[in-house]
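**Student:** Dropping a structure here in structure tokens format, bear with me for questions.
The values are calculated or read from the model by the stated rules, or taken from the named source; none is laboratory data. In this text the structure is predicted, and so the values were computed from the model without any measurement. Here Cβ is always computed from backbone atoms with ideal geometry, including for glycine, and neighbour counts include all displayed protein chains. Accessible surface areas use protein heavy atoms only, side chains included; no ligands, DNA or RNA. Shrake-Rupley method; radii C 1.70, N 1.55, O 1.52, S 1.80 Å.
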Amino acid sequence: MVSGLVLCLGGCHFWLARRTYEQPVRPNNQVYKIQPDTIKVAGDQIQLMAQGQNDDQRVVCYYRCQSSAEKRRWQTTNQPLLLAGDIELERIQGATNRNEFDYARFMGQQKHCFYQANIIDGTVFRRIPPQGWLDWFHQRRQQGLIYLRQLPPALSFHAEALLCGVRESDGLAYQNVLGQLGIIHLLSLSGLHVFYFVTIIRRLATLCRVPREWVNVSLFCLLPLYALFVGGGTSITRAIGLILLRLICEVSHFQQSRLDSWSWVLLVNLLWQPYLLISMGDC
């Protein structure tokens, strides 16, 4: 009965998401907010994920740096930015060749972003202090990324990918080396490292003689925060959701098979992300 209701709700949500994907509403000229941890630097090109303050629609913006000093400022920005003024929006272009990666489809289905804009030189970005807990969380995540980027290249690449769910374009050469060695799957754990973190925490708590109940309560609080810290990726969310469900079963003394737990997590995630099955292979 409950599973049938979840399936009905998921079907309605998928229909609405499909309709939005096929006929997106064009964003109006408004004030856009840019979170610091969504800024991506690739060479002299900056990619920004701006969110409208009136309709919450996302727009991916591109900007080209004019100097190395400006590039450094973008890399070390740890405050939210406001972008105001008229910007020329255009639909994200889809694939033009057969079997080519469809960037427009990916952005629409996974990022809920359908429009892009090229920011010209001279556009004013205004730094603002965090205005809420979400801005504060994005700021702390960006500060963590800035710290990890100061580590040696190989260590920084792995730390950003596993701890923060971020892959910098500057690490593509090293990623190709891992592919040639046949160990690129280490970065495609699909949240498996979260289980290792939980195991390590529990074993340390056992050595310190911390009650298991206290550990479970701490995990209930820390795991959702960690999901936000890594950007709310689908693979991390699935892993954390499965751990939380197993903790609930353990506390309530309810017996449930691992397959049933995985199925429930998948159903709930489909309510949140209707195109989840397309991204099952993402890390």
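**Student:** With a probe of 1.4 Å, find how much accessible area the range 57-118 has per residue, and write the answer as a whole number in Å².
**Tutor:** For the range 57-118, the per-residue accessible area is 59 Å².
**Student:** Kindly provide the GluC sites (Glu not before Pro) of the range 28-94 that DSSP labels as loop, not H, G, I, E or B, and whose Cβ sees at most 11 other Cβ atoms within 10 Å. Present the calculation step by step, with values, prior to reporting the outcome.
**Tutor:** On the way: sites: Glu70, Glu88, Glu90; in loops: Glu88.
The qualifying sites are Glu88.
**Student:** Using 7 Å Cα-to-Cβ label points, what is the Gln256/Thr123 separation (nm, one decimal)?
**Tutor:** Roughly 4.5 nm, to one decimal.
**Student:** Using amide H atoms built in the peptide plane, which far-off residues or other-chain residues are under 5 Å from Thr77 H to H?
**Tutor:** Excluding prolines and chain starts, which carry no amide H, there are no hits.
**Student:** Compute the length gained on full extension between Leu277 and Cys8: take 0.36 nm times their separation in residues and subtract their Cα-Cα distance, giving the result in nm to one decimal. List each step's numbers first, then the result.
**Tutor:** Numbers: separation 269, 0.36 × 269 = 96.84 nm, distance 1.71 nm.
The span from Leu277 to Cys8 would gain 95.1 nm if fully extended.
**Student:** What is the spin-label model distance, in nm, from Arg98 to Leu266 if the labels are put 7 Å beyond Cα along the C-beta direction?
**Tutor:** Going from the Arg98 label point to the Leu266 one covers 3.2 nm.
**Student:** For Asn54 and Arg105, what is the calculated FRET efficiency with R₀ set at 22 Å and r taken between the beta-carbons, to the nearest 0.05?
**Tutor:** Details: r = 26 Å, r/R0 = 1.19.
E(calc), rounded to 0.05, equals 0.25.
**Student:** Right, here's the next one. Provide the packing ranking of 38-48, 234-244, 108-118, 248-258, i.e. peptides ordered by the mean count of other C-beta atoms within 10 Å per residue, highest first. Please list the in-between numbers first.
**Tutor:** Working: 38-48: 15.7, 234-244: 21.3, 108-118: 18.1, 248-258: 10.3.
Sorting 38-48, 234-244, 108-118, 248-258 by mean packing, highest first, produces 234-244, 108-118, 38-48, 248-258.
**Student:** Which length gain, in nm to one decimal place, applies between Gln75 and Asn216 when the Cα-Cα distance is subtracted from 0.36 nm times their residue separation?
**Tutor:** 47.0 nm
**Student:** Dividing the Cα radius of gyration by the Kirkwood radius, what Rg/Rh value follows for the range 28-154? Could you put the intermediate results ahead of the total?
**Tutor:** Working: Rg = 15.3 Å, Rh = 15.7 Å.
Answer for the range 28-154: 0.98.
**Student:** Please state the shape class of the range 64-137: rounded when a/c is under 1.5, otherwise prolate if a/b exceeds b/c and oblate if not, all from the C-alpha gyration tensor. Please report the intermediate quantities before stating the final value.
**Tutor:** On the way: a/c = 2.05, a/b = 1.58, b/c = 1.30.
Prolate shape, in that a/c is at least 1.5 and a/b is the bigger ratio.
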